[in-house]
Amino acid sequence: MDFQVVILAGGFSSNLVPLVSKEVPKALLPVANRPVLSYVLDLLESNNLKDLIVVVEGEDAALKVGGWISSACVDRLHVEVAAVAENVGTAGALRAIAHHLTAKDILIVSGDIVSDIPPGAVAATHRRHDAAVTVMLCAQPVSGPSESGGSGGKDKTKKPACDDIIGLDSLKQFLLYIAKGAEIKKDTRVKKSILCAAGKMEIRSDLMDSHIYAFKRSVLQEVLDQKPAFRSLKEDVLPYLVRTQLRSEIFSDQNNVEENGNGNGKNNMQNNEVVLSQILSNASLPSFHQVYESGLDSRKTHKCCVYIADESKYFVRLNSIQAFMDVNRDVIGDANHLSGYSFSAHHNIVHPSAELGSKTTVGPHCMLGEGSQVGDKCSVKRSVIGRHCRIGSNVKIVNSVVMDHATIGDGCSIQGSVICSNAQLQERVTLRDCQVEAGYVVCAGSEHKGETFARK
């Protein structure tokens, strides 16, 4: 299909502290004991998209991500890891690797998604419409705790979700408007020319930008070159292309001359008459871009298209602590087809090398990793426990994630919490909706709710 794929994998994301650390960048955060990046790579491979550039913010994070890719993807994929400066934004990251982009079309995928929506469908839609950009939209995910579960603590006080406000044409093929819900106060301003050309616009608040985009490379590079202040694809590049789609500014004068002959008015009029004739003779309805462009003043347009995923498909971005809890819950629960594992008749996964004490139960929708040991009279419900963990006796773990090499003492109770790698909970610790940084020690007998434990 001649698409080059760019995965924007981020670095040490501040909104995921303390889950991320110098040892564990965002791309390597575990989802059901697998790095989240592995889900992105598997999804692309299943769509026969194997020529990949993984962009990582920061040299140290890039080395760690590159090391994991080298061991996990040998002979499967052609992956190049590119390090860029930290905090440059998605547009800045693409600007930094522009010299690597050579294909006609570029598919850009966020490195923090877990989904079964085929990105190949986005690429096909992009080619079918000859679009400047195509955006994948999907249903807003239902976020929050499952039955009797915690909500991730820290996220209880987070700001209201910034749902996207999407404007579509009547055929739901073209993007006419996009803004964050938080940006909408009282009035919404829509380009009059776009609304008049499209005829009507359907406003949707139940869809979200999935951060999967197909771009014409020439369009993307020209915007990045002409707009050096643009930092974000979602907040800068995409709205700009949507606003200007009927008065396109992304093609140079030279391109216009090449496409319109020598640029004189007579040739422009003749070319427009040909376009209009082709439209009228076409059995299918023309896009409003074609009708608008067929006017006699040589107007230049570009298409901003959408691919709307089926509502039955699964999609989550791991971009918050709550999302981390949600996706771990889902991948061992209702979305377990994404895990890559075979579940037992009890709807759980207990690695053959794991050891369980007497009268210990591991319930449905649980995972117990390689080499982990759980003492007597313990209860594990709807939780993921990593590799080589040491869990004492009389421990209760509910709706939580315990990462590799963690130690949990006798009599502890953990609910709705994240225990990072090599952390230690001493005896009789009670945690509800907490996060414990990698390597941190929580003192014996303490009780905590909604707290974050990290070294200062």
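Taking all protein chains in place and a 1.4 Å probe, what share, in percent, of the accessible surface of the stretch 301-456 do carbon and sulfur account for?
Numbers: 3020 of 6700 Å².
Accessible surface attributable to carbon and sulfur in the stretch 301-456 totals 45 percent.
Measure off, as a whole percent, the carbon and sulfur share of the 1.4 Å-probe accessible area of the stretch 9-57, all protein chains present. Could the numbers behind the result be given before it?
Details: 770 of 1540 Å².
Percent of accessible area from carbon and sulfur atoms in the stretch 9-57: 50.
Report the calculated FRET efficiency for residue 456 and residue 361 (r = Cβ-Cβ distance, R0 = 45 Å), to the nearest 0.05.
On the way: r = 38 Å, r/R0 = 0.85.
Computed FRET efficiency for residue 456 and residue 361 comes out at 0.75.
Loop-only check: which GluC sites (Glu not before Pro) in the stretch 62-147 are DSSP coil with at most 11 other Cβ within 10 angstrom?
Values: sites: 80, 86, 147; in loops: 86, 147.
Sparse-neighbourhood loop GluC sites (Glu not before Pro): 147.
Of all beta bridges DSSP finds with both residues in the stretch 404-456, what is the antiparallel percent, to the nearest 5?
0 percent
How much of the accessible area of the stretch 86-145, probe 1.4 Å, is carbon plus sulfur, in whole percent? Could the numbers behind the result be given before it?
Working: 1090 of 1980 Å².
On the stretch 86-145, the fraction of accessible area on carbon and sulfur atoms equals 55 percent.
For the pairs 200/234; 377/449; 104/180; 191/227; 234/449; 50/227, note any where the Cα-Cα span goes beyond 26 Å.
104/180; 234/449; 50/227, as the Cα separations exceed 26 Å there.
To the nearest 0.05, how large is the calculated FRET efficiency for residue 190 and residue 80 if R₀ is 51 Å and r is the Cβ-Cβ distance?
Working: r = 40 Å, r/R0 = 0.79.
Computed FRET efficiency for residue 190 and residue 80 comes out at 0.80.
So how far, in whole Å, is the C-alpha centre of the stretch 385-403 from the one of the stretch 314-339?
Spelled out, the Cα-based centre of one part sits 19 Å from the other.
Quick check on the stretch 1-94: of the DSSP beta bridges with both residues there, what percent are antiparallel, nearest 5%? Write out the running numbers ahead of the final one.
Details: 2 of 14 bridges.
About 15 percent, rounded to the nearest 5.
What are the residues whose amide H is under 5 Å from the amide H of residue 86, where those residues sit 5 or more places off or on another chain and H is modelled from the backbone?
Residues meeting the amide H criterion: 58.
With a Förster radius of 35 Å, plug the Cβ-Cβ distance of residue 15 and residue 443 into 1/(1 + (r/R0)^6) and report the FRET value to the nearest 0.05. All intermediate terms of the calculation are to be shown ahead of the outcome.
Numbers: r = 27 Å, r/R0 = 0.78.
After rounding, the FRET efficiency stands at 0.80.
How would you classify the stretch 372-456 from its alpha-carbon gyration tensor, with a ≥ b ≥ c the square roots of the eigenvalues: rounded for a/c under 1.5, else prolate if a/b is greater than b/c, otherwise oblate? Could the numbers behind the result be given before it?
Values: a/c = 1.36, a/b = 1.24, b/c = 1.10.
Here the stretch 372-456 falls in the rounded category.
Gain in length, residue 87 to residue 427, computed as 0.36 nm per residue apart minus the alpha-carbon separation, to one decimal in nm?
Values: separation 340, 0.36 × 340 = 122.40 nm, distance 4.02 nm.
Between residue 87 and residue 427, full extension yields an extra 118.4 nm.
Identify, among 445, 419, 375, the residue whose Cα sits farthest towards the positive end of the charge dipole of the stretch 366-453, taking +1 on the Cβ of Lys and Arg and -1 on the Cβ of Asp and Glu, with the dipole about the Cα centre.
375
Give me the accessible area per residue for the stretch 1-111, probe 1.4 Å, as a whole number in Å².
Here the residues of the stretch 1-111 average 39 Å² of exposed surface.
The values are calculated or read from the model by the stated rules, or taken from the named source; none is laboratory data. As the structure is a prediction and not an experimental result, all values here were calculated from the model. Note that each Cβ is placed from the backbone with ideal geometry, even for glycine, and that neighbours are counted across all protein chains shown. Only protein heavy atoms, including side chains, enter the accessible area calculation; ligands, DNA and RNA are left aside. Shrake-Rupley method; radii C 1.70, N 1.55, O 1.52, S 1.80 Å.
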